[in-house]
1. Within the set of pairs 6+ apart or on separate chains, which have a first residue in the range 18-44 that is in contact (Cβ under 8 Å) with a residue 40 or more places away in the chain, a second that is part of a loop (DSSP other than H, G, I, E, B) and surrounded by 14 or more Cβ atoms within 10 Å (Cβ to Cβ), and C-beta atoms under 7 Å apart?
2. Do any helices (runs of 4 or more DSSP H) lying entirely in the range 12-115 carry at least 3 residues that are modelled with pLDDT of 90 or more, and which ones are they?
3. Which of the residues belonging to the range 52-62 are surrounded by 17 or more Cβ atoms within 10 Å (Cβ to Cβ) and touching a residue at least 24 places away in the same chain (Cβ under 8 Å)?
4. Among 89, 123, 115, which is out of contact with any strand residue (DSSP E or B) (no Cβ under 7 Å at 6 or more places or on another chain), loosely packed, with under 10 Cβ neighbours inside 10 Å and without any contact (Cβ under 8 Å) to a residue 60 or more places away in the chain?
5. Mind counting the residues in the range 25-39 that are surrounded by fewer than 18 Cβ atoms within 10 Å (Cβ to Cβ) and touching a strand residue (DSSP E or B) at 6+ places or on another chain (Cβ under 7 Å)?
6. Is it true that residue 146 is surrounded by fewer than 12 Cβ atoms within 10 Å (Cβ to Cβ), at pLDDT below 75, on the phi < 0 side of the Ramachandran plot and assigned to a loop (DSSP other than H, G, I, E, B)?
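The values are calculated or read from the model by the stated rules, or taken from the named source; none is laboratory data. Quantities reported herein were computed from a predicted structural model and do not represent experimental measurements. Here the Cβ is made from the backbone with ideal geometry for all residues, glycine too, and neighbour counts use every protein chain on show.
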């Protein structure tokens, strides 16, 4: 088996060698040997790094991602956690879509003042209620120890 040195892994993954060293330090990836001072990794590390990047993009912390890899470095992601994260992303998409639509409306609204526009006022009311609900639910999570 041909191993990849840290420079090859960095070039192939687009990640800085310092990030690779950090990921190794926290146990996300594992080097198998050294060639001089350069760490050597199995080719599978590239898939692991793609999964780590995907997890980061989805909003998982490095600790959460580490918990999704088994001792052999293969993914063992709990499906219920993935479903919950997908639900969270769906909620964010809905909220961002509403925000985008509000911004577009404000930019294109023919009313002399946004405060005179009934559509803007309705959108602002909806956004305010959504923000209060989110703040209340985060407060409940923090009090219950789930935040």
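1. These pairs meet every condition: 30/73; 42/3.
2. Details: elements: 17-25, 45-57, 62-66, 79-108.
Qualifying helices (runs of 4 or more DSSP H): 17-25, 45-57, 79-108.
3. 52, 60
4. 115
5. 5
6. Yes: the conditions hold for residue 146.
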